[in-house]
Amino acid sequence: MSTPQDPNVREQPAVAATGSNRETILSTKGLTKKFGGLTAVDNVDFSVDEGELRCLIGPNGAGKSTLLELITGQLTPTDGEIYFDGTDLGELEPHERMDAGISVKFQSPHIYESLTVEQNLHVPLQRTSRDIEPVMERTLDRIALTEKADEPASDLSHGEKQRLEIGMAITLDPKFMILDEPVAGMSIDETGDIADLIQSLHDDGMTFLVVEHDMEFVRKISERVTVLSQGSILEQGPIEEIENDEQVRRIYLGENA
Amino acid sequence: MTLEISGLNAGYDGTPILRDVSFNVGDGEIVGIVGRNGVGKTTLLKTIMGLLDPESGSIQYNGEELTGKAANEHARRSIGYVPQGRDVFPTLTVRENLLVGETVGGDDETRYEQVYDYFPILEERAGQDAGTLSGGQQQMLAIARALVGGPDLLLVDEPSEGVQPSIVQSITEDLEEINDEFGTTILFVEQNLSVIQGLADRCYAIDRGTIVDEITGDAVSDQENLEEYLVV
Amino acid sequence: MTELSLPSRFDGIAEKLNGPNTLGNSRAFWIAFAVGMFVMVAYPFARGSYAAGQTSLFLVYGLLALSLSLIWGYTGILSFGQVAFFGIAGYTYAIVSLNLGGVFGQTVALPIAIAVSTLSAFVLGYFMFYGGVQNVYVAILTLVVTLVLETFMAQTAGSEWAVGSVKLGGFNGIPGIRNFALGVEGASISLSGSGFYWFVLALLLGAYLGGRALVNSKYGYALVAIREDAERTAMFGYNVKRVKLAIFTFSGALAGLSGVLYSTWGNYMDPSVFTITFATIPIVWVTLGGRESLLGAIVGTIIIERLRLWFSVNASEFAIVFVGVILMTVVLVLPRGILPGIRQIYLFLNENGPRAAVDHGQTVIKARIREALQTVGIDASDPDTPSSSEVVRE
Amino acid sequence: MTSGFGATGALTPLIIGDFLGFLDSIGVPVVQLLQIADNFAFITLAAIGLTVIFGMMGVINLAHGEFIMMGAYITTLSVNVASLPLPVAMLLGALGTAAFGAVIERTIVRRLYGRLLDSMIVTFGLGLILTQGTRIIFGNTLQSIGTPFGEVPGYTYSGYRVLLMFVAIAVLSAAYLVFTRTEFGIRARATIQDAETARAMGVDTDRMYTTTFAIGSGLAGLTGALYAPSATIVPGMGQAFLVESFVTVVTGGSTVLLGTTLAGGVLGTIDAIFSNLYGNFFGQLALLLTAIIVIRLLPDGLTGLAYRIRDKLGERQ
């Protein structure tokens, strides 16, 4: 994997202490995105430590997906900066951000429907591996699709498509993995499988940022949770604290503060 | 019985979202469907409106089978729809947005007066592009747009979403009054406790695409009964 | 192919040529392919040098079709501009070779002509892909470029329109381009008739095999991935713009080679190569044969050109109507083209036997007819048969 | 051949001539302005039908040129064969093409929504059939109906072409009014912005698409009808409009009428300058380069620029 040779690499700014001695891998500063009259992301300072598994939760319309798309570069911020691994992402195109070590699984499965499972994996895999076969086998095994390697992706069930896309994203061996609703539309069993998969990758040292509504799932995987509401960060902390936080309860219940 | 849903299964591209959903809404009632994000509330409302074809099950409205009919056929049967996320037509003016909401062929000026009575801000901004309104105003416009069609049944998708708490309060009151004044039946989906308690005569709780509970009468005002289905 | 008879050698090459992005990877396919090649090579012996020379035009067009299949079929970018690069190279070759004169002039003109068409494709491609131009806009822009070239070339009748000693000649174009030749004075080959036929056949074979190697390589995966979902592909770190530009430039070069051969085949260049009708013909070839198949593009070219020849002799008025009808029917009825269709039938026969194939065919045809009737408001629904979309997907 | 415009036919050029003479006398560069206006008329009329269909439905109708040809043929034949007055014949040309467009949408285009490139190819095939079919049925050319009004006194300019400038403005204004002031137009715009919500508001979006395609086709037919008296009536005549119409679509951007008008103005001026100075080719080349530069700099064409300026002004208020 090549690291970007951007001449404009700037020093990462000092970030507010997060209560952990790990290095910050991703941080945003004053990040803002407006759509016409609406402010979807409002002056957000946000950071994730290396090796962390962070969940991002919040009511509909809180700005979660917008925040992710700003990080991947699909959207351009109205204002503010994003730093990843010491690099200002502002000038980088989406594919350059991926080269820098970010990988993403979209909200709705984005796979190559007309290709087979193996071909799907081949596309990202050929970028990072010289010896494709062993990694292919390992990945297929990890996402439990070995049996279906030669089937067209369009024939997979929804859960299998979700797994395939996660598999495609991990073949890039990213430092930082973004998962947008990885268990949406999955059965309880499938959800458990995905949780195990994420846990094992996390144990291997991968950093995660996960947007998810399924709180059981969040409880299972997450260390720290960030709550987004109306485009701003409302609260951050361990899951138990968040669940018992009065303000968070109010936001979810919509009571007048 | 105004609306009778039975055995409804629906989803997108083979992804099942709703599983065997059955419930009913009586004439003049206000019924809430409550549940967290991502449990299938919006999908349910879209399926009832005919924007999504169910895989199986039936939707009956005033005794007529609506399953499989296009959304515009639903609208012609006086079903009004307030989409999620204040989905107004952004580059149409407020007035033009309202005009689209008129039942095709009908042209009742008095309805505009009623609507402007409820939401005077919309009359002030009639010539302004809807996309330039604030979140709360867009929500009002979305409700007003459904009202000018003179609906007997109003389907409302999360009226509180992305709207400031103070405005949520007034929108809740407006919906209540609309039900009172015109006898409009209202079916809404929501995860905001104050809206649910302020509005619903009774509720169905939904989780993972299935109705898991029915909460009626005084039980609705008891926070404990609802929190289980709403809070993180 | 005798030097490939060593099994290990064959497997090594086959590995590069075979892959999921091409139809026909089996031994049976390659045997059939070899037989086909043998027939093609033997053709001049059976029909004589003149006929071979005439037929070589189809092979020249085959190169143009390959260039479109790469850019459109594999990468999903519809280019109406392949004939533009074809024409630019043809004109450049004419101008340079006639100015310099002699075999040497022709030899120098070949790389220059291809370089000019390649550069044109690069410049246009740069502005389009780095300018964020996508989908239909690419099709429109490439079409407009072609039409503007037609206008330009058509108004060069005056004597002031000359490059060196060569007059551009407006509608009449540039005559007197010599038969294809390479070398220097005294040590050269000049090709016409059978010789030209074999030469073009060799080029086409090389381009086809090279194309197969390309689409089955890493690069080919990137092309197909971009066609299927460009955004997803960018999110795997691929520089989508650069890949698009590269393949567009390459296919411009291939179209240019075809254009040079065309100019030496007919011994003239005129603005008709830039007309909208000619711009469509490659799309017809590729649509008919199967756009996602290199061989399909070539087969489509030969079928269409053979039929056009028949029409021009027997019913010239209807040639264009026929082309239009082919375009509409293939896109509406057999959107993937005939070669993938034949392959599907072959696979189905292999698995289910002829009886089931006939039944299946009937179901599909019934469904298609019903669909057609429904679009004009006749509901001919038949509860026993599945809906057409289900059938088609099978 | 009577023009069918009656006494006004004789008077119009005189009135226009006097008016232009007056402008000239106060220092207005009349000849240059005429040229620009003529090009503006040609470009906007060439493009309007195409842009309505593209802007409203996202479909590129590559048979656009042939729809223009159809309008011209119906008009010419109505005058030559049925001896109808010219204005009636023109109306027939527009309506006939609109009806044909409706049929094509119902039978063919409808099946290709979501397959944009395929819809281009199919409409292209349709165009080929129409051109050659016309040639087979009516031969290589029709007798022209002749241009009404004659020349504007004092200027070597056809009075009819001057009239077309006003017609172009009238057509644009009429289309503008239809899409902004009528219920149909507002529902059509709602459908483009969000077809699902429009359907939930009771709009029959299928019928909306058919109607929009018919209107776009009818506008192309009208363009053909309007240019019928001053053009050579041949089966391939539609191609003369192609470059201008496609460049306008690309340059104008997504908002149909605003884009067409802006692009018509900008491109008309550029075309007038370059065509006059260097000939037709350089006019077209200038148009093409303008389109490429606009696309490179402005993702949503001139419409995007107009909106950006509006937003800037809005923010300042």
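Could you tell me whether segment C:313-323 includes any residue that is among the hydroxyl-bearing types (Ser, Thr, Tyr), in contact with a helix residue (DSSP H, G or I) (Cβ under 6 Å, 6 or more places away or on another chain) and either part of a loop (DSSP other than H, G, I, E, B) or more than 10 Å from every other protein chain (Cβ to nearest Cβ) (or both)?
Among the residues of segment C:313-323, not one is among the hydroxyl-bearing types (Ser, Thr, Tyr), in contact with a helix residue (DSSP H, G or I) (Cβ under 6 Å, 6 or more places away or on another chain) and either part of a loop (DSSP other than H, G, I, E, B) or more than 10 Å from every other protein chain (Cβ to nearest Cβ) (or both), which makes the answer no.
Do you know which residues across segment D:72-130 are of a type outside the set (Lys, Arg), assigned to a loop (DSSP other than H, G, I, E, B) and surrounded by fewer than 18 Cβ atoms within 10 Å (Cβ to Cβ)?
D:Val81, D:Ala82, D:Ser83, D:Leu84, D:Pro85, D:Tyr113, D:Gly114, listed by residue number.
Can you name every residue in segment B:16-72 that is of a type outside the set (Val, Ile, Thr), within 14 Å of chain A (Cβ to nearest Cβ), assigned to a strand (DSSP E or B) and open to solvent by 30 Å² or more (accessible area, probe 1.4 Å)?
B:Pro16, B:Arg19, listed by residue number.
Please go through segment A:126-151 and give me each residue that is under 27 Å from B:Gly209 (Cβ atoms) and touching a strand residue (DSSP E or B) at 6+ places or on another chain (Cβ under 8 Å), ordered by number.
A:Glu151
So which residues in segment C:41-66 are open to solvent by 60 Å² or more (accessible area, probe 1.4 Å), within 24 Å of C:Trp285 (Cβ to Cβ) and of a type in the set (A, V, I, L, M, F, W, C), if there are any at all?
C:Val41, the sole residue that qualifies.
Does any residue in segment B:37-60 that is closer than 27 Å to B:Glu227 by Cβ come within less than 7 Å, Cβ to Cβ, of a residue that is surrounded by fewer than 22 Cβ atoms within 10 Å (Cβ to Cβ) and basic (Lys, Arg) six or more places away or on a different chain, and which pairs are these?
From segment B:37-60, the pairs are B:Val39/B:Arg208.
Which is within 9 Å of chain C (Cβ to nearest Cβ) and open to solvent by 10 Å² or more (accessible area, probe 1.4 Å), of A:Glu165, A:Glu93, A:Glu151? Spell out how you get there, then give the answer.
Numbers: A:Glu165 fails: open to solvent by 10 Å² or more (accessible area, probe 1.4 Å); A:Glu151 fails: within 9 Å of chain C (Cβ to nearest Cβ).
Result: A:Glu93 is the single residue among A:Glu165, A:Glu93, A:Glu151 that is within 9 Å of chain C (Cβ to nearest Cβ) and open to solvent by 10 Å² or more (accessible area, probe 1.4 Å).
So which strands (runs of 3 or more DSSP E) are wholly in segment A:192-248 and hold at least 2 residues that are surrounded by 22 or more Cβ atoms within 10 Å (Cβ to Cβ) and within 12 Å of chain B (Cβ to nearest Cβ)?
Where strands (runs of 3 or more DSSP E) fall fully within segment A:192-248 and carry at least 2 residues being surrounded by 22 or more Cβ atoms within 10 Å (Cβ to Cβ) and within 12 Å of chain B (Cβ to nearest Cβ), they are A:224-229.
Restricting attention to segment C:157-195, which residues are of a type in the set (Val, Ile, Thr) and part of a strand (DSSP E or B)? Break it down into steps so the answer makes sense when it comes.
As a first pass, look at segment C:157-195 and keep what is of a type in the set (Val, Ile, Thr): C:163, C:166, C:174, C:177, C:184, C:189.
Listed by number, the residues that qualify are C:Val163, C:Val166, C:Ile174, C:Val184, C:Ile189.
What about A:Asp42, is it under 20 Å from the mean Cα position of the chain (by Cα), within 14 Å of chain C (Cβ to nearest Cβ) and open to solvent by 10 Å² or more (accessible area, probe 1.4 Å)?
Details: under 20 Å from the mean Cα position of the chain (by Cα): yes; within 14 Å of chain C (Cβ to nearest Cβ): no; open to solvent by 10 Å² or more (accessible area, probe 1.4 Å): yes.
Judged against the criteria, A:Asp42 is not a match.
In segment B:119-150, which residues are surrounded by fewer than 23 Cβ atoms within 10 Å (Cβ to Cβ), within 14 Å of chain A (Cβ to nearest Cβ) and part of a loop (DSSP other than H, G, I, E, B)?
Residues satisfying the conditions are B:Arg125, B:Gln128, B:Ser134.
Would you please name the residue that is surrounded by the most Cβ atoms within 10 Å (Cβ to Cβ), looking only at residues in segment C:229-247 that are touching a Leu at 6+ places or on another chain (Cβ under 8 Å) and in contact (Cβ under 8 Å) with a residue 12 or more places away in the chain? Show your work before the answer.
Taking segment C:229-247 as the starting set, the residues that turn out to be touching a Leu at 6+ places or on another chain (Cβ under 8 Å) are C:236-237, C:243, C:247.
Now narrow it down to the ones that are in contact (Cβ under 8 Å) with a residue 12 or more places away in the chain: C:243, C:247.
Numbers: C:Val243: 21, C:Ile247: 24.
Step by step, filter segment C:229-247, then rank; the result is C:Ile247.
Here is a yes/no grid of residues against (1) within 14 Å of chain D (Cβ to nearest Cβ); (2) within 13 Å of the chain's Cα centre (by Cα):
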position: C:Arg242; (1), (2): no, no
position: C:Ala246; (1), (2): no, no
position: C:Thr249; (1), (2): no, no
position: C:Ala255; (1), (2): no, yes
position: C:Val260; (1), (2): no, no
position: C:Pro271; (1), (2): yes, no
position: C:Ile303; (1), (2): no, yes
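Could you grab me the full set of residues in segment D:187-210 that are under 16 Å from D:Gly58 (Cβ atoms), within 8 Å of chain B (Cβ to nearest Cβ), in a helix (DSSP H, G or I) and open to solvent by less than 50 Å² (accessible area, probe 1.4 Å)?
The answer is D:Arg189, D:Ala190, D:Ala198, D:Thr205.
Which one is modelled with the lowest pLDDT, of the residues in segment B:151-190 that are within 14 Å of chain A (Cβ to nearest Cβ) and open to solvent by 30 Å² or more (accessible area, probe 1.4 Å)?
My answer is B:Gly162.
Looking at segment B:80-118, which of its residues are in a loop (DSSP other than H, G, I, E, B), over 18 Å from B:Asp152 (Cα atoms) and more than 7 Å from every other protein chain (Cβ to nearest Cβ)?
Scanning segment B:80-118 gives B:Gln84, B:Arg86, B:Val88.
Does C:Ser389 count as modelled with pLDDT under 70 and assigned to a helix (DSSP H, G or I)?
Criteria met by C:Ser389.
Sort out which residues of segment D:272-296 are open to solvent by less than 80 Å² (accessible area, probe 1.4 Å), within 7 Å of chain C (Cβ to nearest Cβ) and among the polar types (S, T, N, Q), and write them in order of number.
D:Gln284 - this is the single residue of segment D:272-296 that is open to solvent by less than 80 Å² (accessible area, probe 1.4 Å), within 7 Å of chain C (Cβ to nearest Cβ) and among the polar types (S, T, N, Q).
Return the only residue of C:Leu149, C:Leu168, C:Leu191 being within 14 Å of chain D (Cβ to nearest Cβ), under 16 Å from C:Asn267 (Cα atoms) and open to solvent by less than 50 Å² (accessible area, probe 1.4 Å).
C:Leu168
Which one of these is open to solvent by less than 50 Å² (accessible area, probe 1.4 Å), modelled with pLDDT under 90 and of a type in the set (Phe, Trp, Tyr): D:Phe179, D:Phe184, D:Phe213, D:Phe166?
Within the list D:Phe179, D:Phe184, D:Phe213, D:Phe166, the selection yields D:Phe179.
Quick one: count up the residues across segment C:250-271 that are touching a Ser or Thr at 6+ places or on another chain (Cβ under 6 Å) and either in a strand (DSSP E or B) or open to solvent by 10 Å² or more (accessible area, probe 1.4 Å) (or both).
Residues flagged as touching a Ser or Thr at 6+ places or on another chain (Cβ under 6 Å) and either in a strand (DSSP E or B) or open to solvent by 10 Å² or more (accessible area, probe 1.4 Å) (or both) within segment C:250-271 amount to 3.
Please pick out the residue among A:Ile188, A:Ile194, A:Ile178, A:Ile221 that is at pLDDT 90 or above and on the phi < 0 side of the Ramachandran plot.
Answer to the selection: A:Ile178.
The values are calculated or read from the model by the stated rules, or taken from the named source; none is laboratory data. Not measured: the values here are computed from a predicted model. So basically every Cβ, Gly included, is an ideal-geometry build from the backbone, and we count neighbours across all protein chains shown. When the accessible area is computed, the model is the full protein with side chains, heavy atoms only, and any ligands, DNA or RNA have been set aside. Shrake-Rupley method; radii C 1.70, N 1.55, O 1.52, S 1.80 Å.
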